[in-house]
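Structure first, then comments.
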Amino acid sequence: LKYLPQKASALTISVQRELPDFWPSAQQPGAGRCHIFQTREFIDAWLASFGASPNFRAHFVAVRDADGALVLLLPLSIERRKGVSILSFIDQGQADYNAPVLFHAAPAWTEEDVRTP
């Protein structure tokens, strides 16, 4: 896959159940390239409403490069429906703005990079 860094094994992935302190906020987005719907304030509101279900568990994924710099953040969830665990973006299928928060260490993607051959 040409959009991954040459040493993909140099990436580290961490998962937290609570929204990490370093997550971008509307007031302090930091270096993250994100939409308002990916900010701490929106996610907090989402968790207090849609995320209040006992069948819903939020998981906040951080991917870092070999130097520890953030590459991307993913707000994901695991939801139990009819005995099946479903991994998806935190919105539970209610919105269409799902995407990772990208940082400067993230490789640039072009339309050509993501096309299916």
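The values are calculated or read from the model by the stated rules, or taken from the named source; none is laboratory data. Predicted, not measured: the structure shown is a model, and the values here were computed from it. Note that each Cβ is placed from the backbone with ideal geometry, even for glycine, and that neighbours are counted across all protein chains shown. Protein only, heavy atoms only, side chains kept; ligands, DNA and RNA dropped before computing areas. Shrake-Rupley method; radii C 1.70, N 1.55, O 1.52, S 1.80 Å.
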### Summary
Heavy-atom accessible area with a 1.4 angstrom probe orders HIS104, HIS35, most exposed first, as HIS104, HIS35
### Query
Summing +1 for each Lys or Arg and -1 for each Asp or Glu, what net charge is found among the other residues whose Cβ lies under 14 Å from the Cβ of LEU72?
+1
#### Entry: Pairwise label distance in nanometres, ILE13 with ASN98, each label 7 Å out on the Cα-Cβ vector
1.6 nm
## Note on the structure
Note, segment 38-46: 3J(HN,Hα) by Karplus (6.51, -1.76, 1.60, θ = phi - 60°), whole Hz, Gly/Pro = x, goes 9, 7, 3, 4, 5, 4, 4, 5, 5
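Can you sort ASP91, ASP44, ASP21 by solvent-accessible area, 1.4 Å probe, largest first? Each step should come with its number before you reach the end.
Values: ASP91 5, ASP44 75, ASP21 145 Å².
Heavy-atom accessible area, descending, gives ASP21, ASP44, ASP91.
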#### Entry: Rounded FRET efficiency, nearest 0.05, which uses the C-beta distance separating GLN27 from HIS59 and R0 of 22 Å
0.35
